[in-house]
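Structure below; questions to follow.
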Amino acid sequence: MKKTRWVIGSIVLIGLVIGIIMYPLPFLFFPELPHLDFLGRALYIILLAAGMCLYRINRGPTAADRIVAVDIFGILIVGFCAILTVSTGRSWYMDIGIAWALQSFIGTLALAKYLERRGFEE
Amino acid sequence: MSHTLGLIFIIIGLAFDVFGCLGLIRLPDVYNRLQAATKCVTMGTCSILFGTFLMAGFVAAGLKALMCIVFLMLTTPVAAHAISRGAHRSGVALWPGSVVDRYAEDQEGERE
């Protein structure tokens with residue numbers, strides 16, 4: 001049973017990654033779109049990882065899980081801005097990344113302090 | 001040449017991001033999830049930023065990417081330690097299969 005779950009999960013994961021790299025989702029509905037280069041498709045992979053973070057934010061058993069997932073989500077957005085910088089050639093996307101990293105760090109520290117002081121009741 | 005090297009760094013970073021977030025889903029405990037996700041995603045994002053620096057060169061975008069690498073390397077471990085300490089103090093239980101808990105032993109030693 002456990003081995004079956006591992007096999008099914010790895011098949012789904014490999015299929016998702018290959019499907020994202022080879023043939024992104026909007027091309028299923030609009031085949032006449034201009035074709036993206038590799039960096040345009042890398043954005044879809046980061047969106048997949050961000051979807052996993054959203055699953056953990058939704059289903060976290062404790063509040064600490066949600067804080068961890070929000071922190072990881074902020075770091076993923078920095079990578080998203082870096083890939084946008086390369087693929088569009090505009091350097092101000094990197095400014096958004098730096099500002100988002102700083103804001104996410106301060107917010108995570110504040111949430112951790114609040115968690116340490118009194119603890120959420122869930 | 002530097003374009004190809006940058007693409008290789010970006011692909012390595014994407015793989016680290018996806019597997020870090022997979023650990024965020026699959027692992028059983030707050031502390032395990034924190035370790036897997038924070039290490040892997042920090043390494044992956046720093047690799048993506050270094051690939052950005054290699055592809056852009058010494059212009060505004062590349063230097064901002066280097067600054068962002070230094071900033072992430074400084075701030076993410078601090079945030080992870082703060083979350084872990086807060087979770088342990090607010091009473092989040094460890095996974096039943098975990099072996100040792102040094103922080104609780106230290107706190108008991110301080111009380112005695």
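The values are calculated or read from the model by the stated rules, or taken from the named source; none is laboratory data. Small disclaimer: the values here were computed from a predicted structure and weren't measured. FYI the Cβ positions are ideal-geometry reconstructions off the backbone, even for glycines, and counts take in every protein chain you see.
Can you tell me which residue among B:Ile25, B:Ile48 is within 16 Å of the chain's Cα centre (by Cα), within 7 Å of chain A (Cβ to nearest Cβ) and buried (at least 21 other Cβ atoms within 10 Å of the Cβ)?
B:Ile48
Further question: Test A:Ile83 against the criterion of being over 17 Å from B:Thr38 (Cα atoms) and under 17 Å from the mean Cα position of the chain (by Cα), and give yes or no.
Numbers: over 17 Å from B:Thr38 (Cα atoms): yes; under 17 Å from the mean Cα position of the chain (by Cα): yes.
Against the criterion (over 17 Å from B:Thr38 (Cα atoms) and under 17 Å from the mean Cα position of the chain (by Cα)), A:Ile83 qualifies.
How many residues, within the range A:86-103, are buried (at least 17 other Cβ atoms within 10 Å of the Cβ), farther than 26 Å from B:Thr4 by Cα and more than 8 Å from chain B (Cβ to nearest Cβ)?
1
Moving to a separate point now. Scan the range A:65-77 and tell me whether some residue there is part of a loop (DSSP other than H, G, I, E, B), facing chain B (nearest Cβ under 9 Å) and out of contact with any Pro (no Cβ under 8 Å at 6 or more places or on another chain).
No: zero hits.
Restrict the check to the range B:1-14 and report whether at least one residue is at pLDDT 90 or above, within 21 Å of A:Ser104 (Cβ to Cβ) and more than 9 Å from every other protein chain (Cβ to nearest Cβ).
Checked against the condition, which is being at pLDDT 90 or above, within 21 Å of A:Ser104 (Cβ to Cβ) and more than 9 Å from every other protein chain (Cβ to nearest Cβ), the range B:1-14 yields no hits at all.
From the set of residues in the range B:79-95 that are closer than 18 Å to A:Leu76 by Cβ and crowded, with 23+ Cβ neighbours inside 10 Å, which is nearest to the chain's Cα centre (by Cα)? Explain how you work it out, then say what you get.
Residues of the range B:79-95 that are closer than 18 Å to A:Leu76 by Cβ, as a first pass: B:79-80, B:83.
Subset that is crowded, with 23+ Cβ neighbours inside 10 Å: B:79, B:83.
On the way: B:Ala79: 10, B:Ile83: 12 Å.
The extreme case among them is B:Ala79.
Outside the structural domain of A:Ser104 (by TED's automatic domain parsing) and either at pLDDT 90 or above or not in a helix (DSSP H, G or I) (or both): which single residue out of A:Pro24, A:Pro61 fits that description?
A:Pro24
Does the range A:43-64 hold any residues that are more than 7 Å from chain B (Cβ to nearest Cβ) and within 10 Å of the chain's Cα centre (by Cα), and which are they?
Scanning the range A:43-64 gives A:Leu43, A:Tyr44, A:Leu47, A:Ala50, A:Gly51, A:Leu54.
Right, here's the next one. Select, from B:Ala93, B:Ala37, the only residue that is at pLDDT below 90, facing chain A (nearest Cβ under 10 Å) and part of a helix (DSSP H, G or I).
Testing whether each residue is at pLDDT below 90, facing chain A (nearest Cβ under 10 Å) and part of a helix (DSSP H, G or I) leaves just B:Ala37.
Tell me whether the range A:61-71 contains one or more residues that are touching a residue at least 24 places away in the same chain (Cβ under 8 Å), over 15 Å from B:Ile10 (Cα atoms), touching a Leu at 6+ places or on another chain (Cβ under 9 Å) and not hydrophobic (A, V, I, L, M, F, W, C).
Yes, some residue in the range A:61-71 is touching a residue at least 24 places away in the same chain (Cβ under 8 Å), over 15 Å from B:Ile10 (Cα atoms), touching a Leu at 6+ places or on another chain (Cβ under 9 Å) and not hydrophobic (A, V, I, L, M, F, W, C).
State the number of residues belonging to the range A:40-60 that are aromatic (Phe, Trp, Tyr) and crowded, with 21+ Cβ neighbours inside 10 Å.
0
Could you tell me which of the residues B:Thr4, B:Thr76 is crowded, with 16+ Cβ neighbours inside 10 Å, without any contact (Cβ under 8 Å) to a residue 60 or more places away in the chain and hydroxyl-bearing (Ser, Thr, Tyr)?
B:Thr76 is the lone residue from the list that is crowded, with 16+ Cβ neighbours inside 10 Å, without any contact (Cβ under 8 Å) to a residue 60 or more places away in the chain and hydroxyl-bearing (Ser, Thr, Tyr).
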